[in-house]
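Asks: One structure coming up, written as structure tokens, with questions to follow.
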Amino acid sequence: MDFPIYLDNNATTPMDPRVLEAMLPYFTNKFGNAASRNHAFGWVAEEAVDYAREQVAKLIGATEKEIIFTSGATESDNLAIKGVFEMYKEKGNHIITAVTEHKAVLDACKHVEKIGGRVTYLNVKEDGLIDLAELEAAMTPETILVSIMYGNNEIGVIQPVKEIAAIAHKHGALFMTDATQAVGKIPVDVNADGIDLLAMSAHKIYGPKGVGALYVRRKGPRVKVTAQMDGGGHERGMRSGTLNVPGIVGLGKACELCQEEMESEAKRLSTLRDKLQNELTKLEESYVNGNVEHRLPHVANISFKYVEGEGLMMAMKDLAVSSGSACTSASLEPSYVLKSLGLSDDLAHSSIRFGLGRFTTEEEVDYAIEVTRKAVNHLRDLSPLWEMFKDGIDLSTIEWAEH
Amino acid sequence: MAYSDKVIDHYTNPRNVGTLDKGSSAVGTGLVGAPECGDVMRLQIQVDENNVITDAKFKTFGCGSAIASSSLATEWLKGKSIDEAMTIDNMDIVEELALPPVKIHCSVLAEDAIKAAINDYRVKNGLEPIAVEKSHH
């Protein structure tokens, strides 16, 4: 085993060497500008981009003309939300999203509010899923877009996308999904799911950073977005800027590999994830956050009560994981996603996210289990809250000192 | 964030972890912080008849810096008179542990815990609590 062990694949993934291999020629001898229509250098680049467009489209059941290359999922989310709002604001000014969305969606929605839009932020149930009846009730004739993520980045919960899309369409609104964590990990099909716009990113699927795509439906209905960047009119006028040819080639290759290996990989990862989760919840007062059935195969978010997440990560120094805690003087606020599940602040501070990936081995998971168990026990020995809990003191009866 | 060696040392080998008899009149207990803020520190001192701190123990729920700050505080408290202990400043802890700016909060918590423990001891022994300034560095 090589240390430290990387279990933070929701943050980013290492690039697959097969992806790098596909990209390399496009940095050096095949360096042409894909927009150079009058010589061989340009044609070679254009051909590579076209091929990548097919690879990306195929993974999500789209056609190649529906794929707009961007710099990543954040840009795709921004282009979709702001672009739809500007294009359709004559029709209505209302957008619906959820409180557990990624900041790229939430902040783009905040921007829309500043320029005259109205946004409804749906709460989620205890398991992280939105309430379809609440969505239905929030729909108005003014609603032009419903934006709900496919799989959550912190807890891995998969939303009932198909049902959400159906509700949006019934009321004449478009359905967009930030599928950054889901694409390549589980089957995503824009037609079967009823998706009109979809954001994705290469670096979450073993591709390079700095490149992503936005799917924009072309038929039934034909969706249009107002460009957020003005320039040479690349990408059917929706996203100007010289194409990142090596990055796009990498994204394409990454999509192809995911498609080939998704089924076996999802099975392997969910088995490892379940092992990790089952072993760790054997520790007293440990809880899995979010719905355990409708969930991405590689994510486990666990709260270890009476232990603080950042302190815990420090005791697991050979493990790269992530915590929902934010123990800094600047912001004491723990994860808004965990809090939206109704978790108390202290439990949200006590959470660790384990994100497994293509290169995670069983040996590494076994090691992670052992290290986490030891760390939790060590820190509980240090924890006054654990001592109080063991002494049968109800912590909610204590008047905590302000600080 | 990269922690200093001293933080890592205190975190890995915390000094004086434990619990003193809260009921004893020779023991002062300071419990500060709140679970919802992500850190709770409990510092206890054992004081002899000459007002000298003969023992100190801590338990902390919090990040590495909070644990290191309280561990260091117990080391500093031992052997000091309670008047001397009252002068321990959070910035001394920041300096000793080379805490980054975002973790200064942890040193403030440690200073508050020291003062709370001393005042608990004073009140138990019929003395007025010392007013604690709320303005920290």
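None of the figures in this text is laboratory data; all of them are computed from the coordinates on show. Remember, predicted model here, so these are calculated numbers, not experimental data. Every residue, glycine as well, gets a Cβ built from its backbone with ideal geometry; the counts of neighbours run over all protein chains shown.
Asks: Subtract the Cα-Cα distance of B:THR19 and B:LYS78 from 0.36 nm times their separation in residues, and report this length gain in nm to one decimal.
Replies: So the chain would gain 19.7 nm between B:THR19 and B:LYS78.
Asks: Okay, moving on. From the helices alone, meaning DSSP H stretches of at least four residues, give me the mean residue ellipticity at 222 nm for chain A, per-run term -39500 (n - 2.57), in deg cm²/dmol to the nearest 500.
Replies: Dividing the helical sum by the residues of chain A leaves -12000 deg cm²/dmol.
Asks: Let me ask another. Under a Cβ-only charge scheme (Lys and Arg +1, Asp and Glu -1), can you give me the dipole magnitude of region A:142-245 about the Cα centre, in debye to the nearest 20?
Replies: Charge dipole of region A:142-245: 320 debye, to the nearest 20.
Asks: I'd like the antiparallel share, as a percent to the nearest 5, of DSSP beta bridges with both residues in chain A.
Replies: Here the antiparallel bridges make up roughly 55 percent for chain A.
Asks: Need the full-extension length gain, B:GLU128 to B:ALA98, defined as separation in residues times 0.36 nm minus the C-alpha distance. One decimal, nm.
Replies: 7.3 nm
Asks: To continue, here is another question. Find the percent of Cα-Cα distances in region A:17-257 that exceed 32 Å, and round it to a whole number.
Replies: Looking at region A:17-257, the distances longer than 32 Å represent 19 percent of pairs.
Asks: While we're looking at this one, here's another question. Given charges of +1 on the Cβ of Lys and Arg and -1 on the Cβ of Asp and Glu, with all other atoms neutral, how large is the dipole of chain A about its Cα centre, in debye to the nearest 20?
Replies: 1600 debye
Asks: Additional query: Helix A:362-382 sits at what angle to the longest principal axis of chain A, using alpha carbons and giving 0 to 90 degrees rounded to 10?
Replies: The two axes meet at around 40 degrees.
Asks: Quick one: 3J(HN,Hα) in Hz for region A:149-156, Karplus 6.51/-1.76/1.60 with θ = phi - 60°, rounded, Gly and Pro as x.
Replies: Computed from phi, the couplings for region A:149-156 are 5, 6, x, 6, 6, 9, 10, x Hz.
Asks: Report the per residue volume, in Å³, of the convex hull enclosing the C-alpha atoms of region A:26-121.
Replies: About 145 Å³ per residue, rounded to a whole number.
Asks: Hey, what angle do you get for helix A:40-59 against the long axis of chain A, alpha-carbon based, 0 to 90 degrees rounded to 10?
Replies: Rounded to the nearest ten degrees, it is 50.
Asks: Okay, next question. Subtract the Cα-Cα distance of A:GLU134 and A:GLU261 from 0.36 nm times their separation in residues, and report this length gain in nm to one decimal.
Replies: Stretched out fully, the A:GLU134 to A:GLU261 stretch lengthens by 42.0 nm.
Asks: If you filter region A:241-325 for trypsin sites (Lys or Arg not before Pro), then keep DSSP loop positions with at most 12 other Cβ within 10 Å, what is left?
Replies: Qualifying residues, ordered by number: A:LYS282.
Asks: Between A:ALA401 and B:GLU49, what is the label-point separation in nm under the 7 Å Cα-to-beta-carbon projection?
Replies: 3.0 nm
Asks: Further question: In whole angstrom, and with the biggest value first, how far do the Cα coordinates of region B:38-119 range along each principal axis?
Replies: Between the extreme Cα coordinates on each principal axis of region B:38-119 lie 39, 22, 18 Å.
Asks: How many percent of DSSP beta bridges within region B:5-122 run antiparallel, rounded to 5?
Replies: Roughly 95 percent of the DSSP beta bridges within region B:5-122 come out antiparallel.
Asks: Kirkwood hydrodynamic radius of chain B from all distinct Cα pairs, in Å?
Replies: 14.6 Å
Asks: Also, quick follow-up: Can you list the HN-Hα couplings for region B:47-60, worked out from phi with the Karplus curve (6.51, -1.76, 1.60; θ = phi - 60°), rounded to whole Hz and with x for Gly and Pro?
Replies: 10, 8, 5, 8, 6, 9, 7, 9, 8, 8, 9, 9, 9, 9
Asks: Roughly speaking, what is the centre-to-centre gap between region A:80-115 and region B:76-111 when only Cα atoms are used, to the nearest Å?
Replies: So the separation of the two Cα centres works out to 47 Å.
Asks: Same structure, new question: Which pairs break 31 Å Cα to Cα here: B:LYS59/B:LYS124; A:LYS162/A:LYS374; A:LYS89/A:LYS253; A:LYS267/B:LYS59; A:LYS65/A:LYS275?
Replies: From B:LYS59/B:LYS124; A:LYS162/A:LYS374; A:LYS89/A:LYS253; A:LYS267/B:LYS59; A:LYS65/A:LYS275, over 31 Å: A:LYS162/A:LYS374; A:LYS89/A:LYS253; A:LYS267/B:LYS59; A:LYS65/A:LYS275.
Asks: Over the Cα atoms of region A:164-294, what radius of gyration and what Dmax do you get, in Å?
Replies: For region A:164-294, the Cα radius of gyration and maximum Cα-Cα distance read 18.5, 60 Å.
Asks: Taking Cα atoms, how many degrees apart are the long axis of helix A:161-170 and the longest axis of chain A, rounded to 10 and kept between 0 and 90?
Replies: The helix A:161-170 is inclined about 60 degrees to chain A.
Asks: Looking only at Cα atoms, what is the convex hull volume of the protein assembly as shown per residue, in Å³?
Replies: Convex hull of Cα atoms, per residue: 165 Å³.
Asks: Give the residue from A:TYR206, B:ILE67, A:TYR367 lying farthest towards the positive end of the charge dipole for the protein assembly as shown; charges sit on Cβ (+1 for Lys and Arg, -1 for Asp and Glu) and the dipole is referred to the Cα centre.
Replies: A:TYR206
Asks: Once amide H atoms are placed 1.01 Å from N in the peptide plane, what residues at a sequence separation of 5 or more from A:SER240, or on another chain, have their amide H within under 5 Å of its amide H?
Replies: The list, which skips near neighbours in sequence, is A:MET229, A:GLY233, A:HIS234.
Asks: Give a residue-ordered list of calculated ³J(HN,Hα) values for region A:66-80 (Karplus: 6.51 cos²θ - 1.76 cosθ + 1.60, θ = phi - 60°; whole Hz; x for Gly, Pro).
Replies: 9, 9, 10, 7, 9, 8, x, 5, 4, 5, 4, 4, 5, 5, 5
Asks: If the cut-off is a Cα-Cα distance under 16 Å, which aspartates and glutamates reach B:LYS6, setting aside same-chain residues fewer than 8 apart in sequence?
Replies: B:GLU75, B:ASP92, B:GLU95, B:GLU96
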